[in-house]
Each structure stands twice: as C-alpha cells, then as structure tokens.
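Below: the structure, in structure tokens.
The values are calculated or read from the model by the stated rules, or taken from the named source; none is laboratory data. No experiment lies behind these values; they were computed from the predicted model shown. No Cβ is skipped: glycine too gets one built from the backbone with ideal geometry, and neighbour counts run over all protein chains shown.
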Amino acid sequence: MISLQVQNNQSFRLDEIPFLDKHKFTDSVAEGLTNGYRMIGLFPLHKNMPHKIISALVDSDAASLHLIGGEFQKDKLEFESLANQFPQTNYFECELAENYGFIPINHPWIRPVRKQSTVLGNKPYQFYKLEGAEVHEVAVGPIHAGIIEPGHFRFQCHGELVYHLEINLGYQHRGIESLILDASTNQRVILSESIAGDTVVGHTFAHCSTIESLAGTQISLRAQVIRSIVEELERIAMHLSGLGGVANDIGLAIVASSYGRLRTLAINSLAEISGSRFGRGLFVYGGVRYDFNDENIRQITNKLEVVKNDSAVINNFLFSSTGALTRFEHTGTVSKDFAQQIGLVGVVARSSGIESDTRIHFPYGAYRYFPVSLITLPSGDVFARARLRALEIDESLRFIFEQLENLPGGEIKINVGSIAPCSGVISIVEGWRGEIVHTAITDEVGNIVQYKIKDPSFNNWYGMNLALRETAISDFPVINKSFDLSYAGHDL
Amino acid sequence: MIDAIKLRILQGDPIIHDVRNVSLPKLFRGLPTIERVACPDDCKKCVEACPTNAIKLNPVSIDLGLCVFCPLCEEACPEKIIHFTNDYHIAAESREKLIVTKETKTISAEKASKEIKNYFGRSLKLRQISAGGCNGCELELNALSNVNFDMGRYGIEFVASPRHADGVVITGPLTRNMTKAIEICYEAVPKPKIIVLVGTCSISGGIFQNSKEIQRNFLEENKIDLFIPGCPPHPLTFINGLLDWLDRK
C-alpha cells in the first residue's frame, strides 16, 4: 500500500502525498480496506482541481491515518467503484460523484447525497420500488410530526413489515464547506459552531484543531482540559436528550420528562462556562475564551451531582421496565460484522461491539494525558444504543469531576501563528454521536482552498437504512431516535 | 408503580413559576447595551470584528436580527461601550425594533391586533418548520415543552399537522431545498394564520446570509408577525415574546 502515514492533528506537506494513477490508486485503497482500515474521506485536494483526489483511511490499531493520492485525466474523471467489495465506500463515492462529477464505474447504488432528485449530471433519481399484491409505499417528510430537522423517508412495506427504506437528505444544505473557504477568521469559528447546533463543541473543537495544527500552535494544558470538559458536558446533555427521546417514543412519559429535567441541568452547566446553553462562544483559535473559577466550578459541580444521583435512579427504572425492554431488545439490530462492513462509527458502532472511540484510538488534546474508558455493548439493538449512552454519561461525569478537582494552571489562550502554506491536516474528534473529521488544505500563500467536514451521521444514516429492514414500521420512531443522527451535520 | 411514583417525587418542583423574571448566568449574552460615549474618530473595530455585518456606525447600532450573540464586538471595542447583558426579553413584532442603539433600554413586542388576540389569545397551536436550522433552535423549541418551561400552561403548543395549527414557526436560513416544503406547509394552515421567525438565521440569514444555497422569497411575500432573535434564542425569549404579543399577564 502506497500512502503517506500521519497522525490525528499532524500537519503534512502536500508534496509528501504520493499521487498514483487511477489503477494504482484504487488498488492501494482496496489494499488498505482489506487490511481492516476504515475510510474517512474521499475528495479533491482543491475544489478547482477535481482531478487530484485523496482518500484518507484510518488504522485504529496503530492510531495512524493513511493518505493515498490519485491523479486522473482531467477529461476522464472515472474509476472502478470499490463499493461492491467494500460497502463502506459506497456513500463517499456518491458524494464525490455528486460534488465533482466523478463516475464510479459499476457502482451498485448511485443515489443523491444532498440533491433530492438528481444523480450524475441531472439524471432523475428513482427510488427503489417493491411491487406485488398488498405491497405499499409510505412516504414521510421532509416535514415531520415533531420539532425536528427535515428529511424524506421512503418505506417499501408489506403489511407492517419494512422491506426497504431510503432516506433522502439535503434539505438542510447551506453550503458550509464553500462558505468556510471565503470566510474571515471570525466567521469561520461561528460557521463551525453552526454545522450541527447539537454538536457545537465537537465541530468547533475539530475546526480549531485544524487551524492550530496548520499554524504549529500548541495550546496550554489548561485550555485542553477545559475543551475536554465542555466536550463531555455536551455528550452528557445530548445523551440525556436522546434517552428522553427514546423513552418518549415508547410512551414512557415520566422517564422522558425526568431525563428532560436533567438535560436542562447539563446545558445550563454549559451556559455557566460559555454563556450559551450549547457552548457557543467558548472556542477561539489558540485556546478558550472563558476560564473556570471557584464560582462556576461550584455551580457546575452542584448541577452535575444531581445529574449523577438522579440519572442512576431513572436508568434503573427504565432498564428494568419490562415494557421498555420488550420494545428495545432485538429491535433495529445491526450486527458487528455488518456494522464493520458499512463503516459505522461512534455510539452506533460501539453498541454493535466495535471498539471505536477517537478519544482512545486517536487520542487528542487532554485525552492523551487523562484517558477515558472504552465502553462497548454487543447486541446492536435499540437497547444497546440506549444503554450505552447511559453508561457513557457516567464515564463523562467521572472525567469531569476528576478534571475539575485538579485543573492544571496556565494561560487559557495563546496567540496562533500564521498558517503553513501548501499543507494539510486532518483533525478527528469524538463528538457525542461519534467521529467528526475536519480536513483543511492550504495553497502557496496559506489560504484554505479545501475544507472537508464529515459528521458521524454521514456514515451512520446508511446504517439506519439497513437496520430498518425486516422490522415493523411502527418501530421506526424508536429506532430512529436510538440512532439520533444529524440532518444538518450530514447536509452541511 | 411505586418506582414510578418515586421518580415523580424525585422530579420535585422543577417548573419556572415566574417566566418574566429569571436570573440567567452572568455570561449569558442577551440584550446588548451601547453606552452613550462618543467613539474615537475613524474607529470601526466592532464593525470589522462582527461576523454577520450586524453593526452600523455613526451612531453605533447593533441589529439583533443579524447578531449571532458572539462577544466579538464587545471584545473589540477599545472604549468598552458595547456590553451584552443577560436580559432575555428581546423579541419584537417589527424588524426595526431589533436594532439596538444607545437609546435602547428594553425591547418588548407590541400587542397584537384585537382580531389576533380574540382568535389566539387563549389557545395558540403552532407548526414548526426547520429550513436549514442547525438543530440549536429546534432543541430550544423542544425544551419549551419540558418540565422546566412547560409552555403548555399558557395554552401555547406545537402540533404535528399544519391543518391543526394557527401558524408556523420557522427556524434556519430558509434553504433552497426547503422552498417548496415551506410553501406547501404554510398553505395547509387554515386562516387566519401567523408566522413567527425564530433565530437569527431565519430573521436575516445570519452567518449564512451570503450562501448561494438559501432562498428567502417566502419571507418577502408574507407578513411576519413576530421576530425572536438569538443564536439560538433562549426558551424564555420565545415564551415572553409570545406572552407580550398576545397581551397576557
């Protein structure tokens, strides 16, 4: 396998990347995937030069990233699709086709990523259709029943049973990747806070890390610890929100409202340190804007003590309720083998028994010195995805309490130098949903000419497509909530 | 059963009884104030710092319809005349009212017409449309129904079908891909109907104002009844905005 090997947040010079012809490129990528590496990116180096692309693979055993370059003929942007052999590349190839006109030859399922109705140069897209007696189609969205983001779901059913689900997204597309290229420094941080408003900390963390790495800036240990504390606060808040949602979808109102109360405490803790219930305004290049002091530490500790004590009682009630377990167990199951093949990440992957956590496998920031424990569950069903989130809340609380007691001293913000020219960097952060990847590439004068964002939802929506097969359509809401994926993060 | 009752007891009394006067964290960025101090000649540091062009000079003003409530202008001002307070009462019925000047002390929504009050004063059902909202505003609107804010006690609720709704609440900068869906949804709401814009993105496009992927014609073609600024707006901003507008205590 011919590749450039780097680490998470390690900047590299563009001329270090080996660029191969199209056959060697696909061979090299296939070799990496055969070795058990996972694809995290497939995109051109420069948006105006789509014929030079890179594929980024991660090797979680060695904590390393492999960059494989491919140079194509300018008028012949096509390559043999890898998706038949490695289903995880399927969606990355669709994205490359949609954004830059690449043709993945023999691709099994070219479908729109962010455009609703067209694929490959304005050809109309047809949903798969099941035919036969008593077969029916259910179309839901883009506007759903609750206060949630838009997306279109097309079910092919026979009675209650779903045979096939297609999820058509893109309604949230705001063009963030292009906006970041033209944005000022101040605008870039705000944009990254708005990639997915429920993952403000995760995405802004990844964005600031790309810029700091390109500038060769090492932020202080105190700032690193503060960043990790708020990341864990966000994880707690959103896990509580998700658990409440799952309970709500099976009609367990007392549990849903109890988690709701605790979530308020968690997001109000974020407001104590950042002024925003979602952690907006805290991240700046070179560190963080606000510091911990005795007063806000006391406020946050008091709130989190309540979360810790009460969540134990609520978890106990939920996970010993026969009614809840009947709905959770063996519902929307994703097997480990399947999850690996289609490249699932984050909470969903860990619930299927895959050991995958960026904080542990590609450690960054404070997690290099203060590790967190890896939690996995084997069953891959709604139960596992809900239970895992309850367990992760406990681990995040432990991390926060420990760090708040021993905050390292030092400045919270330092100046960031100038951005290195002709370079690139990949920053991976474990957001509450899973792996967030930001890639930045610069030109001769240090301007960012390519910025690529991958939210964990990009991988995991595909998992939900397939998890719905051969389940009852009435289980869709609870399965959907157990995946808890982002529309905005996918659509960008 | 006993365990469920224990859970209920554990809930205690989490509701915010007086939504009018809540003390939010000191760092919370709500209504900005601009001190009555003259700016140094040619200083435009706040304008340069602002990521969304919300600030105008001579005299200094901040448009909350564009503001994303980051503290960059406050930090940039050499005279320290801009200061974000934790006052969350910032909703208004007109776009102009969202422009904060040195004279602005408070913002509150003017009472709605008698007709609107008669129709919706005691019961208002809303259909939410997310049109590129990042899920920040959506989560805060969801929070309105939790045990802390419990907006249902005022007869204001979100419903699933536009047919059951008295109006729409729009979040997000109005993406091109949602244009058709917004029109169909609004059309499905029976008359008389209202439009509430929640969050800076929906009011002006916010940080996405220059995006080629947004399509905001719908807002020019229809009358907007209430603007709830914020990034995202605090749930209390939403409740108080509606209570003021509907002339409730």
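In contact with a Pro (Cβ under 8 Å, 6 or more places away or on another chain), crowded, with 20+ Cβ neighbours inside 10 Å and of a type in the set (F, W, Y) - does that describe any residue in segment A:61-82?
Yes, segment A:61-82 contains a residue that is in contact with a Pro (Cβ under 8 Å, 6 or more places away or on another chain), crowded, with 20+ Cβ neighbours inside 10 Å and of a type in the set (F, W, Y).
Taking the condition buried (at least 16 other Cβ atoms within 10 Å of the Cβ) and on the phi > 0 side of the Ramachandran plot, does B:D150 pass?
Details: buried (at least 16 other Cβ atoms within 10 Å of the Cβ): yes; on the phi > 0 side of the Ramachandran plot: yes.
For B:D150, the condition - buried (at least 16 other Cβ atoms within 10 Å of the Cβ) and on the phi > 0 side of the Ramachandran plot - is met.
So which strands (runs of 3 or more DSSP E) are wholly in segment B:36-140 and hold at least 3 residues that are within 14 Å of chain A (Cβ to nearest Cβ)?
Here the list reads B:124-130.
Taking into account only those residues within segment A:128-157 that are under 30 Å from B:K125 (Cβ atoms) and small (G, A, S), which is nearest to the chain's Cα centre (by Cα)?
A:G151
Of the numbered conditions (1) buried (at least 20 other Cβ atoms within 10 Å of the Cβ); (2) modelled with pLDDT under 95, B:V198 satisfies every one except a single condition; which is it?
(2)
Counting just the residues of segment B:188-211 that are in contact (Cβ under 8 Å) with a residue 12 or more places away in the chain and over 23 Å from B:I90 (Cβ atoms), which one comes out nearest to the chain's Cα centre (by Cα)?
B:K193
Filtering segment A:129-168 down to residues that are within 9 Å of another protein chain (Cβ to nearest Cβ) and in contact with a helix residue (DSSP H, G or I) (Cβ under 7 Å, 6 or more places away or on another chain), which residue is surrounded by the most Cβ atoms within 10 Å (Cβ to Cβ)?
A:E149
If I ask for residues that are within 9 Å of chain A (Cβ to nearest Cβ) and either free of Cβ contacts under 8 Å to residues at least 24 places away in the same chain or charged (D, E, K, R) (or both), which ones from segment B:141-159 would you list?
Within segment B:141-159, B:N142, B:S145, B:N146 qualify.
Take segment B:161-178 and flag every residue that is part of a helix (DSSP H, G or I) and within 10 Å of another protein chain (Cβ to nearest Cβ).
Correct list: B:P162, B:R176, B:N177, B:M178.
Is it the case that some residue within segment A:350-362 is among the β-branched types (V, I, T) and within 20 Å of A:F476 (Cα to Cα)?
Looking through segment A:350-362, none of the residues is among the β-branched types (V, I, T) and within 20 Å of A:F476 (Cα to Cα).
Can you find a residue in segment A:59-72 that is out of contact with any helix residue (DSSP H, G or I) (no Cβ under 7 Å at 6 or more places or on another chain), at pLDDT below 90, under 29 Å from A:G365 (Cβ atoms) and not hydrophobic (A, V, I, L, M, F, W, C)?
yes
Is it the case, given these coordinates, that A:T185 is within 11 Å of chain B (Cβ to nearest Cβ), within 23 Å of B:C73 (Cβ to Cβ) and hydroxyl-bearing (S, T, Y)?
Yes, satisfied.
Test of understanding: among A:L377, A:L404, which residue is surrounded by fewer than 19 Cβ atoms within 10 Å (Cβ to Cβ), under 30 Å from A:F86 (Cβ atoms), touching a Ser or Thr at 6+ places or on another chain (Cβ under 7 Å) and not assigned by TED's automatic domain parsing to the domain that holds A:L57?
On the way: A:L404 fails: under 30 Å from A:F86 (Cβ atoms).
Only one candidate passes the filter, namely A:L377.
Just one of the numbered conditions (1) of a type outside the set (D, E); (2) within 27 Å of B:S123 (Cα to Cα); (3) within 9 Å of another protein chain (Cβ to nearest Cβ) is not true of B:I195; which one?
Checking B:I195 against (1) of a type outside the set (D, E); (2) within 27 Å of B:S123 (Cα to Cα); (3) within 9 Å of another protein chain (Cβ to nearest Cβ), the one that fails is (3).
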